[in-house]
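The numbers here are math on the coordinates, done by the rules we state, and not lab data. Keep in mind that what you see is a predicted model, and the values were worked out from it rather than measured. All Cβ positions, even for glycine, are placed from backbone atoms using ideal geometry, and neighbour counts span all protein chains on display.
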Amino acid sequence: VAGAQGTPGSGAVSGPCIIPRPEQLKWNPKSGVVLRLTSHSPLVVEGVEHVSDSLSGIWRQNLRSIWKNKCSTKSHLLKPAHPVHLSISAQLGAEGYRMEALNGRLSIVAGDPAGMYYAFVSLQQILEQHPDGQLPAFQIIDRPRFGWRGMHLDVCRHFFTVNEIKRYLDLLARYKMNRFHWHLTEDQGWRLEVPALPRLTAVGAWRKETLVGRPVSPMRFDGIRYGGYYTRQDIEEVVRYAAERHIVVVPEIEMPGHALAALSAYPELSCTGGPFEPATYWGVFDDVF
């Protein structure tokens, strides 16, 4: 997707690349510069005082950093810095928004705070392509085609730190995804702290080594103990960070199979009594709860 966009099925209009493509994008370069945005553009929240702090926070978090990282210093000195007007209208529907630049004003109307967040994401992509903040007249109307837009991350076979997961969530948010499918338990490792069952992480979170290459005979292993897990505080931090980006965390806790890590910790929960150890290679294993 590059260079030209428009209403699907109609003639495309030259304009910025926004991913995913909006439902409607009207871009009018012939209008000349009608809007100048800078880090000092005033924010006007209209008729939604109960969410004004949240919207202001989204603005600061998603946009003002652009000028720090992307835009030239001269763009900050342009006068006037045109205002940004924000409002909520349920008529636009969940996660929908309308954004319009006209006559020295940027107006964003969203169906809910999530829609406002997605409008800011689109604006961020526009400004990355117009780092001087000078924009022609344009209008975007957008709403999601699918209510569930998700990505999966398996942290059992290969562990990811909380900071790495935050980076992953940032990327999901950039493309307006709203579900994070977090694969937390497997044969090769149990990653979720359960205080009442401490052996799940003391034993189940660590495998003695890991397969090198494909699981073909003869298999080769690296001989390195490997693992890790997330504390309750880690889980809470990830859930909070995701929620700030309008992403719902969907945990995957597998049963009755894919359970060797858990059965290594509590073999009495198995059908055969074990003994077991967390799997060191990939595949399907017969033992179940």
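Here are a few things to note about the model shown:
- Gyration tensor over alpha-carbon atoms, region 163-289, equivalent ellipsoid semi-axes in Å: 29, 18, 13
- Region 146-211: equivalent-ellipsoid semi-axes (sqrt of 5 x gyration tensor eigenvalues, Cα, Å): 27, 13, 11
- Spin-label pair Met219/Lys30, simplified geometry with 7 Å Cα→Cβ offset, distance in nm: 6.7
- Three-way shape label, region 236-289, alpha-carbon gyration tensor, a/c 1.5: prolate
- Using a cutoff of 8 angstrom between alpha carbon atoms and counting only pairs six or more residues apart, the relative contact order for region 98-147 works out to 48 percent.
- Descending principal axes extents, region 104-206, alpha-carbon based, whole Å: 62, 28, 21
- Over region 81-120, volume per residue of the alpha carbon convex hull, in Å³: 53
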